[in-house]
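Here's the structure we're looking at; comments come further down.
The values are calculated or read from the model by the stated rules, or taken from the named source; none is laboratory data. Note that the structure is predicted; figures quoted are calculated from it, not measured. Cβ: placed from backbone, ideal geometry, glycine included. Neighbour counts: every protein chain shown. We work out accessible area using only protein heavy atoms, side chains counted, and drop any ligands, DNA or RNA first. Shrake-Rupley method; radii C 1.70, N 1.55, O 1.52, S 1.80 Å.
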Amino acid sequence: MGKALSLVIPTYNERDNIAPLVEKIHASLTGCDYEIVFIDDNSRDGTAEAVRALEGAYPVRVVVRRDKRGLASAVVDGIGLAESDVVGVMDADLQHPPEVLPRLLAAIRNGAEIAVASRYIKGGGCVNWGLGRKITSRVAGLIAHFFLPVTGRVHDPMSGCFMLRKSVLAGANLAPTGYKILLEILVRGKYEQVTEVPYLFYTRQKGESKLNTRQGLDYLRHVFSLMDRRRELIRFGKFCLVGGTGVIVNQGLLWLLTDFGGINYKFTSLVAIEASIISNFILNDYITFADKRQGRRGSFLSRLGKFNVACAIGAVIQYGLLLLFTEVFGVHYLISNLIGIAVATLWNYMASKLWTWR
Ligand SMILES: Nc1nc2c(ncn2[C@@H]2O[C@H](COP(=O)(O)OP(=O)(O)OP(=O)(O)O)[C@@H](O)[C@H]2O)c(=O)[nH]1
Ligand SMILES: [Mg+2]
(Lines give C-alpha, C1' and ligand atoms only; values in the text may rest on other atoms or scores of the structure.)
(Ligands and ions follow the chains in the order given, each with its own letter.)
Protein backbone atom coordinates (compact mmCIF):
# COMPACT_ATOMS: atom_id res chain seq x y z
CA MET A 1 0.00 0.00 0.00
CA GLY A 2 1.24 3.52 -0.80
CA LYS A 3 2.07 6.12 1.81
CA ALA A 4 -0.68 8.11 3.51
CA LEU A 5 1.15 11.36 2.88
CA SER A 6 4.07 12.58 0.79
CA LEU A 7 5.75 15.83 1.75
CA VAL A 8 7.57 17.76 -0.94
CA ILE A 9 10.20 20.21 0.27
CA PRO A 10 12.17 22.38 -2.16
CA THR A 11 15.63 23.28 -0.93
CA TYR A 12 18.42 25.59 -1.88
CA ASN A 13 21.25 25.93 0.62
CA GLU A 14 19.31 24.83 3.69
CA ARG A 15 21.82 22.43 5.29
CA ASP A 16 21.41 23.57 8.87
CA ASN A 17 17.63 23.42 8.71
CA ILE A 18 17.31 19.83 7.48
CA ALA A 19 17.79 17.83 10.70
CA PRO A 20 15.64 20.04 12.97
CA LEU A 21 12.97 20.18 10.28
CA VAL A 22 12.80 16.42 9.79
CA GLU A 23 12.73 15.79 13.54
CA LYS A 24 9.86 18.24 13.99
CA ILE A 25 7.90 16.81 11.09
CA HIS A 26 8.39 13.32 12.45
CA ALA A 27 7.15 14.38 15.87
CA SER A 28 4.11 16.08 14.35
CA LEU A 29 3.13 13.13 12.19
CA THR A 30 3.28 10.32 14.75
CA GLY A 31 1.29 7.35 13.57
CA CYS A 32 1.12 8.59 9.97
CA ASP A 33 2.84 6.60 7.22
CA TYR A 34 4.55 9.50 5.44
CA GLU A 35 7.59 10.18 3.27
CA ILE A 36 9.56 13.37 2.60
CA VAL A 37 10.90 14.12 -0.86
CA PHE A 38 13.47 16.91 -0.91
CA ILE A 39 13.99 18.54 -4.29
CA ASP A 40 17.34 20.25 -4.13
CA ASP A 41 18.66 22.56 -6.82
CA ASN A 42 22.28 21.55 -6.49
CA SER A 43 22.94 23.41 -3.25
CA ARG A 44 26.60 24.12 -2.58
CA ASP A 45 26.38 23.88 1.19
CA GLY A 46 25.81 20.14 1.57
CA THR A 47 22.00 20.17 1.86
CA ALA A 48 21.66 16.88 -0.06
CA GLU A 49 24.26 15.21 2.18
CA ALA A 50 22.37 16.42 5.24
CA VAL A 51 19.25 14.64 3.93
CA ARG A 52 21.15 11.47 3.04
CA ALA A 53 22.58 11.34 6.56
CA LEU A 54 19.00 10.94 7.84
CA GLU A 55 17.91 8.28 5.34
CA GLY A 56 18.34 5.36 7.73
CA ALA A 57 16.46 6.97 10.59
CA TYR A 58 13.58 8.70 8.74
CA PRO A 59 11.55 8.11 5.54
CA VAL A 60 13.39 10.82 3.59
CA ARG A 61 14.99 10.98 0.17
CA VAL A 62 16.56 13.72 -1.87
CA VAL A 63 16.52 14.37 -5.58
CA VAL A 64 19.23 16.71 -6.78
CA ARG A 65 18.59 18.68 -9.94
CA ARG A 66 21.84 19.69 -11.55
CA ASP A 67 20.53 22.95 -12.95
CA LYS A 68 18.73 25.41 -10.74
CA ARG A 69 15.26 25.73 -12.18
CA GLY A 70 13.54 27.45 -9.29
CA LEU A 71 11.15 26.84 -6.46
CA ALA A 72 7.87 26.30 -8.31
CA SER A 73 9.28 23.81 -10.79
CA ALA A 74 11.00 21.95 -7.91
CA VAL A 75 7.62 21.53 -6.24
CA VAL A 76 6.03 20.25 -9.44
CA ASP A 77 8.86 17.74 -9.92
CA GLY A 78 8.44 16.65 -6.31
CA ILE A 79 4.70 16.13 -6.68
CA GLY A 80 5.43 13.98 -9.73
CA LEU A 81 7.72 11.78 -7.62
CA ALA A 82 5.44 11.55 -4.59
CA GLU A 83 4.18 8.07 -3.74
CA SER A 84 1.02 9.14 -2.00
CA ASP A 85 -2.14 10.53 -3.51
CA VAL A 86 -2.05 13.23 -0.79
CA VAL A 87 0.86 15.62 -1.14
CA GLY A 88 1.95 18.36 1.24
CA VAL A 89 4.32 21.18 0.29
CA MET A 90 6.32 23.32 2.70
CA ASP A 91 9.55 25.32 2.94
CA ALA A 92 12.66 23.86 4.48
CA ASP A 93 13.52 26.77 6.75
CA LEU A 94 11.02 26.06 9.56
CA GLN A 95 9.00 29.15 8.77
CA HIS A 96 6.12 26.79 8.17
CA PRO A 97 5.65 25.12 11.55
CA PRO A 98 5.35 21.33 11.04
CA GLU A 99 2.62 21.36 13.68
CA VAL A 100 0.25 22.65 11.00
CA LEU A 101 0.64 19.44 8.95
CA PRO A 102 -1.82 17.27 10.94
CA ARG A 103 -4.45 20.00 10.63
CA LEU A 104 -3.94 20.22 6.88
CA LEU A 105 -4.18 16.44 6.62
CA ALA A 106 -7.37 16.44 8.66
CA ALA A 107 -8.87 19.04 6.30
CA ILE A 108 -8.06 16.82 3.32
CA ARG A 109 -9.53 13.79 5.06
CA ASN A 110 -12.66 15.84 5.72
CA GLY A 111 -13.18 16.32 2.02
CA ALA A 112 -11.09 19.32 0.96
CA GLU A 113 -9.09 18.72 -2.20
CA ILE A 114 -6.76 21.58 -1.37
CA ALA A 115 -5.92 22.71 2.18
CA VAL A 116 -3.93 25.92 2.51
CA ALA A 117 -1.94 26.96 5.58
CA SER A 118 -2.99 30.58 5.83
CA ARG A 119 -1.49 33.65 7.46
CA TYR A 120 -4.49 35.76 6.67
CA ILE A 121 -7.38 34.13 8.47
CA LYS A 122 -8.25 34.35 12.15
CA GLY A 123 -5.54 32.69 14.21
CA GLY A 124 -2.89 33.18 11.54
CA GLY A 125 -0.26 35.86 11.10
CA CYS A 126 3.33 36.87 10.43
CA VAL A 127 5.60 37.16 13.44
CA ASN A 128 8.33 39.83 13.46
CA TRP A 129 7.75 40.97 9.91
CA GLY A 130 8.81 44.50 8.96
CA LEU A 131 6.17 46.86 7.62
CA GLY A 132 7.68 46.70 4.12
CA ARG A 133 7.32 42.97 3.83
CA LYS A 134 3.84 43.02 5.31
CA ILE A 135 2.69 45.56 2.75
CA THR A 136 4.39 43.73 -0.14
CA SER A 137 2.74 40.47 0.82
CA ARG A 138 -0.70 42.07 1.12
CA VAL A 139 -0.38 43.94 -2.16
CA ALA A 140 0.76 40.76 -3.91
CA GLY A 141 -2.30 38.97 -2.53
CA LEU A 142 -4.58 41.79 -3.69
CA ILE A 143 -3.05 41.63 -7.17
CA ALA A 144 -3.78 37.91 -7.31
CA HIS A 145 -7.34 38.37 -6.08
CA PHE A 146 -7.93 41.17 -8.47
CA PHE A 147 -6.48 39.80 -11.70
CA LEU A 148 -7.20 36.16 -11.01
CA PRO A 149 -10.56 36.15 -9.24
CA VAL A 150 -10.57 32.35 -8.75
CA THR A 151 -7.87 32.88 -6.15
CA GLY A 152 -10.42 34.86 -4.15
CA ARG A 153 -11.53 31.57 -2.64
CA VAL A 154 -8.54 31.70 -0.29
CA HIS A 155 -7.19 34.56 1.80
CA ASP A 156 -3.55 33.53 1.36
CA PRO A 157 -3.05 32.42 -2.26
CA MET A 158 0.68 33.14 -1.87
CA SER A 159 1.16 30.53 0.83
CA GLY A 160 4.06 28.15 0.35
CA CYS A 161 2.53 25.59 2.68
CA PHE A 162 -0.44 23.53 1.53
CA MET A 163 -1.70 20.04 0.92
CA LEU A 164 -3.64 18.62 -1.98
CA ARG A 165 -4.95 15.52 -3.63
CA LYS A 166 -3.02 14.71 -6.78
CA SER A 167 -6.31 14.49 -8.70
CA VAL A 168 -6.45 18.32 -8.52
CA LEU A 169 -3.59 18.45 -10.99
CA ALA A 170 -4.90 15.93 -13.53
CA GLY A 171 -4.80 17.70 -16.90
CA ALA A 172 -3.86 21.00 -15.22
CA ASN A 173 -0.96 21.69 -17.58
CA LEU A 174 1.15 23.54 -15.05
CA ALA A 175 3.77 25.94 -16.34
CA PRO A 176 5.52 26.70 -13.09
CA THR A 177 7.60 29.84 -13.00
CA GLY A 178 8.73 31.92 -10.08
CA TYR A 179 7.96 31.35 -6.46
CA LYS A 180 4.25 30.98 -6.05
CA ILE A 181 3.26 27.49 -7.02
CA LEU A 182 0.00 27.57 -5.05
CA LEU A 183 -1.21 30.40 -7.26
CA GLU A 184 -0.62 28.26 -10.33
CA ILE A 185 -2.46 25.33 -8.72
CA LEU A 186 -5.42 27.44 -7.59
CA VAL A 187 -5.82 28.85 -11.09
CA ARG A 188 -5.08 25.75 -13.17
CA GLY A 189 -6.19 22.92 -10.90
CA LYS A 190 -9.57 21.15 -10.80
CA TYR A 191 -11.21 21.19 -7.40
CA GLU A 192 -14.46 21.86 -5.64
CA GLN A 193 -13.48 22.27 -2.04
CA VAL A 194 -10.60 24.30 -0.69
CA THR A 195 -10.05 24.96 3.01
CA GLU A 196 -7.71 27.20 4.97
CA VAL A 197 -6.00 26.40 8.22
CA PRO A 198 -4.40 29.26 10.21
CA TYR A 199 -0.72 29.33 11.16
CA LEU A 200 1.92 31.78 12.32
CA PHE A 201 4.72 32.49 9.86
CA TYR A 202 7.97 33.16 11.74
CA THR A 203 11.08 34.80 10.41
CA ARG A 204 13.87 32.55 9.24
CA GLN A 205 16.26 31.35 11.97
CA LYS A 206 19.03 29.71 9.93
CA GLY A 207 20.30 29.98 6.38
CA GLU A 208 19.74 32.79 3.95
CA SER A 209 16.59 34.06 2.30
CA LYS A 210 16.37 33.61 -1.46
CA LEU A 211 13.77 36.30 -1.72
CA ASN A 212 14.74 39.39 -3.73
CA THR A 213 13.33 41.99 -6.10
CA ARG A 214 13.58 39.57 -8.98
CA GLN A 215 11.03 37.33 -7.33
CA GLY A 216 8.70 40.32 -7.20
CA LEU A 217 9.00 40.85 -10.94
CA ASP A 218 8.74 37.11 -11.58
CA TYR A 219 5.55 37.17 -9.58
CA LEU A 220 3.97 39.84 -11.77
CA ARG A 221 5.05 37.92 -14.88
CA HIS A 222 3.52 34.81 -13.41
CA VAL A 223 0.19 36.54 -12.73
CA PHE A 224 0.10 37.85 -16.30
CA SER A 225 1.00 34.46 -17.72
CA LEU A 226 -1.84 32.89 -15.73
CA MET A 227 -4.22 35.60 -16.92
CA ASP A 228 -3.07 34.97 -20.45
CA ARG A 229 -3.67 31.27 -20.13
CA ARG A 230 -7.14 31.97 -18.76
CA ARG A 231 -7.79 34.55 -21.47
CA GLU A 232 -8.24 37.09 -18.68
CA LEU A 233 -5.65 39.38 -20.20
CA ILE A 234 -7.57 39.55 -23.46
CA ARG A 235 -10.74 40.27 -21.54
CA PHE A 236 -9.12 43.10 -19.60
CA GLY A 237 -7.70 44.49 -22.86
CA LYS A 238 -11.18 44.47 -24.42
CA PHE A 239 -12.59 46.19 -21.35
CA CYS A 240 -10.01 48.97 -21.66
CA LEU A 241 -10.68 49.35 -25.39
CA VAL A 242 -14.40 49.59 -24.75
CA GLY A 243 -13.61 52.20 -22.09
CA GLY A 244 -11.71 54.14 -24.79
CA THR A 245 -14.76 54.17 -27.04
CA GLY A 246 -16.76 55.41 -24.05
CA VAL A 247 -14.51 58.46 -23.83
CA ILE A 248 -15.23 59.22 -27.50
CA VAL A 249 -18.99 58.86 -26.98
CA ASN A 250 -18.83 61.03 -23.86
CA GLN A 251 -16.76 63.83 -25.39
CA GLY A 252 -18.54 63.67 -28.76
CA LEU A 253 -22.01 63.91 -27.31
CA LEU A 254 -21.01 66.63 -24.87
CA TRP A 255 -19.66 68.67 -27.76
CA LEU A 256 -22.65 68.01 -30.05
CA LEU A 257 -25.30 68.79 -27.47
CA THR A 258 -23.53 71.81 -26.05
CA ASP A 259 -22.12 73.49 -29.15
CA PHE A 260 -24.78 72.52 -31.67
CA GLY A 261 -27.73 71.93 -29.39
CA GLY A 262 -27.06 75.06 -27.42
CA ILE A 263 -27.83 73.32 -24.13
CA ASN A 264 -25.95 74.14 -20.93
CA TYR A 265 -22.97 71.81 -20.38
CA LYS A 266 -24.01 71.26 -16.75
CA PHE A 267 -26.93 69.28 -18.09
CA THR A 268 -25.44 67.82 -21.28
CA SER A 269 -22.45 66.43 -19.41
CA LEU A 270 -24.81 64.26 -17.36
CA VAL A 271 -26.50 63.04 -20.54
CA ALA A 272 -23.07 62.36 -22.07
CA ILE A 273 -21.95 60.39 -19.02
CA GLU A 274 -25.05 58.22 -19.02
CA ALA A 275 -24.81 57.70 -22.79
CA SER A 276 -21.23 56.52 -22.46
CA ILE A 277 -22.15 54.19 -19.62
CA ILE A 278 -24.87 52.66 -21.77
CA SER A 279 -22.66 52.35 -24.84
CA ASN A 280 -19.89 50.83 -22.71
CA PHE A 281 -22.39 48.44 -21.24
CA ILE A 282 -23.67 47.27 -24.62
CA LEU A 283 -20.17 46.77 -26.00
CA ASN A 284 -19.01 44.93 -22.89
CA ASP A 285 -22.11 42.78 -22.94
CA TYR A 286 -21.51 41.77 -26.54
CA ILE A 287 -17.74 41.75 -26.69
CA THR A 288 -15.92 41.66 -23.35
CA PHE A 289 -18.28 39.39 -21.45
CA ALA A 290 -20.00 37.67 -24.37
CA ASP A 291 -19.34 34.28 -22.80
CA LYS A 292 -21.08 35.31 -19.55
CA ARG A 293 -24.11 36.83 -21.21
CA GLN A 294 -25.76 33.57 -22.20
CA GLY A 295 -27.64 31.52 -19.68
CA ARG A 296 -29.73 32.38 -16.72
CA ARG A 297 -27.72 34.99 -14.96
CA GLY A 298 -30.18 37.86 -14.89
CA SER A 299 -31.72 39.94 -17.61
CA PHE A 300 -30.21 42.61 -19.82
CA LEU A 301 -31.84 45.32 -17.71
CA SER A 302 -30.59 43.99 -14.39
CA ARG A 303 -27.07 43.81 -15.81
CA LEU A 304 -27.42 47.35 -17.11
CA GLY A 305 -28.58 48.48 -13.66
CA LYS A 306 -25.63 46.83 -11.96
CA PHE A 307 -23.20 48.30 -14.46
CA ASN A 308 -24.64 51.75 -13.83
CA VAL A 309 -24.27 51.41 -10.08
CA ALA A 310 -20.69 50.12 -10.42
CA CYS A 311 -19.77 52.98 -12.78
CA ALA A 312 -21.30 55.53 -10.42
CA ILE A 313 -19.07 54.22 -7.63
CA GLY A 314 -16.17 54.24 -10.09
CA ALA A 315 -16.88 57.89 -10.84
CA VAL A 316 -16.84 58.74 -7.13
CA ILE A 317 -13.50 56.91 -6.78
CA GLN A 318 -12.07 58.81 -9.75
CA TYR A 319 -13.29 62.15 -8.44
CA GLY A 320 -12.09 61.40 -4.91
CA LEU A 321 -8.59 60.49 -6.13
CA LEU A 322 -8.48 63.58 -8.33
CA LEU A 323 -9.18 65.76 -5.29
CA LEU A 324 -6.92 63.77 -2.96
CA PHE A 325 -3.84 63.84 -5.18
CA THR A 326 -4.31 67.41 -6.34
CA GLU A 327 -5.39 69.08 -3.11
CA VAL A 328 -3.56 67.00 -0.53
CA PHE A 329 -0.43 65.75 -2.32
CA GLY A 330 -0.02 68.72 -4.67
CA VAL A 331 0.13 66.59 -7.82
CA HIS A 332 -0.77 68.22 -11.16
CA TYR A 333 -4.51 67.79 -11.70
CA LEU A 334 -4.12 66.02 -15.06
CA ILE A 335 -1.80 63.43 -13.49
CA SER A 336 -4.19 63.06 -10.55
CA ASN A 337 -7.00 62.51 -12.99
CA LEU A 338 -5.02 59.78 -14.78
CA ILE A 339 -4.44 58.03 -11.45
CA GLY A 340 -8.16 58.35 -10.78
CA ILE A 341 -9.03 56.92 -14.20
CA ALA A 342 -6.62 53.98 -13.72
CA VAL A 343 -7.99 53.05 -10.31
CA ALA A 344 -11.60 53.58 -11.41
CA THR A 345 -11.00 51.35 -14.45
CA LEU A 346 -9.65 48.60 -12.22
CA TRP A 347 -12.63 49.02 -9.92
CA ASN A 348 -15.10 48.94 -12.83
CA TYR A 349 -13.44 45.85 -14.22
CA MET A 350 -13.54 44.04 -10.91
CA ALA A 351 -17.16 44.98 -10.29
CA SER A 352 -18.05 43.89 -13.83
CA LYS A 353 -16.34 40.56 -13.44
CA LEU A 354 -17.46 39.74 -9.96
CA TRP A 355 -20.92 41.25 -10.03
CA THR A 356 -22.45 42.48 -13.30
CA TRP A 357 -21.36 39.54 -15.47
CA ARG A 358 -20.69 37.05 -12.72
N1 LIG B 1 14.75 23.60 -5.23
C2 LIG B 1 14.75 24.93 -5.00
N3 LIG B 1 14.33 25.42 -3.81
C4 LIG B 1 14.35 26.76 -3.62
C5 LIG B 1 14.77 27.68 -4.60
N6 LIG B 1 14.65 28.94 -4.10
C7 LIG B 1 14.18 28.81 -2.83
N8 LIG B 1 14.01 27.49 -2.54
C9 LIG B 1 13.49 26.90 -1.29
O10 LIG B 1 12.15 27.33 -1.19
C11 LIG B 1 11.81 27.63 0.17
C12 LIG B 1 11.38 29.08 0.30
O13 LIG B 1 12.46 29.98 0.06
P14 LIG B 1 12.78 31.18 1.06
O15 LIG B 1 14.07 31.79 0.67
O16 LIG B 1 12.69 30.66 2.45
O17 LIG B 1 11.62 32.20 0.75
P18 LIG B 1 10.69 32.94 1.78
O19 LIG B 1 10.29 32.03 2.88
O20 LIG B 1 9.61 33.56 0.98
O21 LIG B 1 11.62 34.09 2.32
P22 LIG B 1 12.25 34.26 3.82
O23 LIG B 1 11.10 34.65 4.72
O24 LIG B 1 13.22 35.39 3.67
O25 LIG B 1 12.87 32.97 4.19
C26 LIG B 1 13.04 27.27 0.98
O27 LIG B 1 12.92 25.95 1.43
C28 LIG B 1 14.17 27.40 -0.05
O29 LIG B 1 15.28 26.59 0.26
C30 LIG B 1 15.21 27.14 -5.87
O31 LIG B 1 15.59 27.87 -6.77
N32 LIG B 1 15.17 25.78 -6.00
MG1 LIG C 1 11.69 31.17 3.99
### Message
I need the full set of residues from region 211-248 which are within 16 Å of the chain's Cα centre (by Cα), among the aliphatic types (A, V, I, L, M) and open to solvent by 80 Å² or more (accessible area, probe 1.4 Å), in order please.
### Response
Leu217
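For (1) surrounded by fewer than 21 Cβ atoms within 10 Å (Cβ to Cβ); (2) of a type outside the set (Lys, Arg); (3) part of a loop (DSSP other than H, G, I, E, B), each residue gets a yes or a no:
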position: Ala117; (1), (2), (3): no, yes, no
position: Lys122; (1), (2), (3): yes, no, yes
position: Ala140; (1), (2), (3): yes, yes, no
position: Val168; (1), (2), (3): yes, yes, no
### Message
Name the residue that is modelled with the highest pLDDT, counting only residues in region 147-184 that are farther than 22 Å from Leu200 by Cβ and within 16 Å of ligand 1 (Cβ to nearest atom).
### Response
Glu184
### Task
Evaluate the following for Lys180: is it among the basic types (Lys, Arg), more than 20 Å from Trp355 (Cα to Cα) and surrounded by fewer than 15 Cβ atoms within 10 Å (Cβ to Cβ)?
no
### Query
Quick check: anything in region 165-173 over 23 Å from Trp357 (Cα atoms), of a type in the set (Ser, Thr, Tyr) and out of contact with any helix residue (DSSP H, G or I) (no Cβ under 9 Å at 6 or more places or on another chain)?
yes
### All positions within region 1-37 that are within 15 Å of ligand 2 (Cβ to nearest atom), among the hydrophobic types (A, V, I, L, M, F, W, C) and within 19 Å of Asp85 (Cα to Cα)
Ile9
### Message
Any residue that is open to solvent by 70 Å² or more (accessible area, probe 1.4 Å), charged (D, E, K, R) and not in a helix (DSSP H, G or I) - is there at least one of those in region 266-276?
### Response
no
### Query
Residues in region 46-64: is at least one within 16 Å of ligand 2 (Cβ to nearest atom) and either touching a residue at least 40 places away in the same chain (Cβ under 8 Å) or among the hydroxyl-bearing types (Ser, Thr, Tyr) (or both)?
yes
### Message
Need pairs with beta-carbon distance below 7 Å; first residue touching a residue at least 40 places away in the same chain (Cβ under 8 Å) and within 10 Å of ligand 2 (Cβ to nearest atom) and within region 184-212, second open to solvent by less than 70 Å² (accessible area, probe 1.4 Å) and charged (D, E, K, R); sequence gap 6+ or separate chains.
### Response
Phe201/Arg119; Arg204/Asp93; Gly207/Glu14; Gly207/Asp93
### Task
Count, please, the residues in region 185-199 that happen to be surrounded by fewer than 16 Cβ atoms within 10 Å (Cβ to Cβ) and either among the basic types (Lys, Arg) or within 16 Å of ligand 1 (Cβ to nearest atom) (or both).
1
### Query
Would you say Asp285 is within 20 Å of Arg358 (Cα to Cα) and open to solvent by 70 Å² or more (accessible area, probe 1.4 Å)?
no
#### Entry: Filtered residue count, region 147-178, keeping only those that are in contact with a His (Cβ under 8 Å, 6 or more places away or on another chain), in contact (Cβ under 8 Å) with a residue 40 or more places away in the chain and of a type in the set (Ser, Thr, Tyr)
1
### Query
Restricted to region 131-146, and to residues that are of a type outside the set (A, V, I, L, M, F, W, C) and closer than 25 Å to Phe236 by Cα, which residue is farthest from ligand 1 (Cβ to nearest atom)?
His145
